[in-house]
Structures are given as structure tokens and as C-alpha cells.
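None of the figures in this text is laboratory data; all of them are computed from the coordinates on show. Everything numeric here is computed off the predicted structure, so don't read it as measured data. FYI the Cβ positions are ideal-geometry reconstructions off the backbone, even for glycines, and counts take in every protein chain you see.
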Ligand SMILES: [Zn+2]
């Protein structure tokens with residue numbers, strides 16, 4: 001069940017040529033106070049259908065394309081040639097509150113979904129109440145630990161001011177029916193995902209995972225759920241939920257910008273760094289920074305066979321992580337590089353992340369620029385690579 005690749009999406013059809021920023025990047029991650037923008041409405045064609053979105057325009061390009069944020073936090077990228085109408089309103093843009101967000105989500109979901117609100121999450125689910133509560137506690141703990149971790153390393157991060165949306169389906173089948181609309185056939189390869197466009201995490205009840213339920217039985221109470229999911233067989237499932245939840249927090253606390261110029265080795269390595277929860281610890285998050293052994297095993301095997309990618313390739317381009325034949329190895333190496341940088345170059349890594357977060361969204365820096373950004377913070381690649389190999393060889 002281990003997920004090989006994460007479906008973290010890249011912008012498609014984006015108005016990237018001559019993008020004119022009408023809002024600063026910090027506004028995209030929702031952490032900056034800024035004057036209320038006017039509410040705009042755009043109509044555009046999608047697969048022969050006319051679709052309407054309301055929200056604030058964050059970016060626009062010279063061809064009339066826009067990136068619009070709707071009051072529930074979704075980002076809509078509308079290319080100029082597909083837009084049939086754009087109009088402005090006297091009303092200011094206003095975010096939905098937790099109750100309104102829940103109502104909006106419920107209206108999109110099949111009948112039978114309920115809502116669990118926690119401090120930072122609006123969870124819509126049609127599985128057991130206990131499972132929704134178990135998830136909200138996991139997510140809240142992760143978020144607290146994640147934000148404390150980066151604050152300590154000098155990053156300007158803050159807990160999201162608005163609740164983050166989470167959908168939990170009771171079983172894999174109903175999850176797939178929903179996920180296919182967004183991910184297509186690849187939905188079947190993943191047990192959960194974070195969508196940069198909708199800003200939602202979507203997953204299904206892991207205790208309903210048939211192999212687990214058959215073998216380990218009872219899934220009723222919070223205690224049953226904790227016991228079941230603390231079992232080694234559940235580890236890759238829980239790791240996937242934590243991985244996707246890490247993406248969501250990272251894109252909503254000021255550390256990363258949605259549809260920003262995020263190198264994939266960095267976004268994915270960051271999520272993999274947090275993938276190692278210690279579920280036996282119920283009060284704190286003691287899994288941060290543990291060695292991610294499934295990634296490490298792969299990394300070491302490749303290193304021994306001389307199959308590691310040169311740093312230039314991994315850092316300069318997303319290709320190795322995107323291509324199915326190289327993705328698993330490139331993910332393992334990305335974990336290793338991020339692990340090394342976070343552990344042995346924490347301050348530089350924090351500054352590097354904050355600089356990437358300020359780059360304009362919907363742009364794709366060229367390999368030379370990506371390498372220059374990296375070297376600015378971490379220095380000469382050859383020297384770093386030697387230090388990387390020395391430190392990583394000490395892990396056992
Ligand atoms: Zn990912």
C-alpha cells in the first residue's frame with residue numbers, strides 16, 4: 001500500500017506568460033493582513049460547460065487570464081481565451097467562516113455526510129464519529145508541531161486563521177468516485193491526497209481498509225482506532241495521511257505558496273520528513289525528524305549501486321520525480337536531501353523556503369535559476385554533496 005508518488009499537482013493551463021501580480025505572494029498563503037478586495041465573477045468554458053466562479057482576483061496576465069480565490073479558499077485558474085465574462089461587484093470579498101465552509105462542502109458531497117469542527121479543521125465525513133475525532137486530533141497535533149518546528153528555525157509562520165477543509169469517506173469505493181473527478185485514473189494509486197486547487201485533503205477511513213479490518217478486527221472506539229493504526233501494517237497508511245496533511249499545513253501557514261515556484265524535491269522531501277509519526281505518543285508529536293526507513297532503504301540501495309542522481313538534476317528539474325520509472329528513487333533521494341538540510345543546515349533551509357515562498361505563483365524558474373537559488377543558501381554543490389554523503393553514511 002505504500003504510496004509511490006504523491007499527486008501534488010502542477011498548474012495546468014495557467015496564465016503564466018507575463019503574469020502580473022495584483023496581490024503579494026503572502027496573500028496566497030492566507031497569512032497576510034490586506035485590504036478587502038472587490039468580489040469578482042468570472043464565467044468560463046470547461047469541457048463544453050459554462051462554469052461560474054466568484055472570488056477575489058489574485059493574479060492576472062496580459063491575455064486576460066486570472067487566478068481567482070473563492071471564499072472557501074479554492075484557487076481557480078482561468079485562461080483568458082476560455083473566459084466568456086468577467087464582472088466586478090460592489091461587495092467586498094469575505095471569507096467563509098467554519099459553519100459556512102461546512103455548509104458549502106456538504107452541498108457538494110453525497111447525502112449522509114456530517115461535520116466535525118476542531119480548532120483548525122472543518123471535517124466532513126460519512127464514517128464513524130470516533131474516526132473523525134481521531135483524525136482531527138492527529139491533524140491538530142501535527143499542525144501544532146509543524147508550526148512550532150519552523151518557528152524555532154526562524155521562519156515567519158503562523159497557524160491558519162481559517163479552518164482547513166478535510167473530507168473523509170467511509171470506504172475506498174466512495175472515495176474513488178469522488179477522487180477520480182480530480183485525479184483521473186491515478187486516484188486508485190493513492191489512499192488520500194491534498195489538492196492545491198481546492199485546498200482540501202481527501203481520504204477514506206483507514207480502519208475500513210479491508211486487510212486491516214479482517215486481520216485486526218474491532219474499529220469502534222477512539223482507543224480501538226489508535227490500537228489498530230499503531231500496528232506496523234498501518235504505518236504506510238498513516239504516513240500517507242500525515243504526508244498529505246503536511247502539504248496542506250505547509251501551504252496555509254506561510255511556509256509555502258500554492259501554485260508557487262516550489263521545486264518538487266523540496267515540497268515532497270518536506271512532506272516526507274514529517275511522515276514518521278510516533279502514534280504511541282498521544283500528547284506530543286515525537287515523530288518529527290525520525291529516519292524515514294522506507295525512503296532511507298531505497299536511498300542506500302541506490303547509493304551502493306551508484307544510481308543516485310547528480311544534485312544538479314534533482315534540484316534543477318522536477319522531471320525525475322514526475323517520470324513513473326524514476327519517481328520512487330527520486331522521492332527517496334529527495335527525502336535524504338531534505339533530511340540532511342533540515343538536520344544539518346536548518347537556518348539556511350528555513351531562509352531558502354521563505355525565499356521560494358515569495359516568488360510569483362504560476363511561474364516556472366529555469367534549472368539555472370533553481371540552482372542559483374539553492375547555491376545562494378547552501379553554497380557550492382560539490383562541497384555540499386561530500387558533506388551530505390558523509391553525514392548520511394552515519395545513519396543506521
Ligand atoms: Zn506529496
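Here are the numbers for this structure:
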| quantity | calculated |
| --- | --- |
| Whole-angstrom Cα spans of the range 295-364 along principal axes, big to small | 38, 28, 17 |
| Packing rank of 357-363, 336-342, where each peptide gets the mean count of other beta carbons within 10 Å, highest leading | 336-342, 357-363 |
| The range 158-181 and the range 305-366: distance between their alpha carbon centers, rounded to Å | 27 Å |
| Spherically averaged projected area of the range 137-266 from its Cα convex hull (nm²) | 9.0 nm² |
| Added length on full extension, which subtracts the Cα-Cα distance from 0.36 nm per residue, residue 180 to residue 375 | 66.2 nm |
| Cα pair distances exceeding 18 angstrom across the range 52-113, given as percent | 45 percent |
| log10 of Debye I(q)/I(0), alpha-carbon scatterers only, for the range 124-181 at 0.13, 0.17, 0.18, 0.20 Å⁻¹ | -0.49, -0.71, -0.75, -0.83 |
| Packing-based exposure ordering (other Cβ within 10 Å, fewest first) of 198, 240 | 198, 240 |
| Label-point separation, residue 129 to residue 368 (7 Å along Cα→Cβ), nm | 6.2 nm |
| Cα-Cα P(r), the chain, percent of pairs per 20 Å interval | 27, 59, 14, 0 |
| Modelled FRET efficiency - R0 45 Å, residue 173 with residue 88, Cβ distances, 0.05 increments | 0.55 |
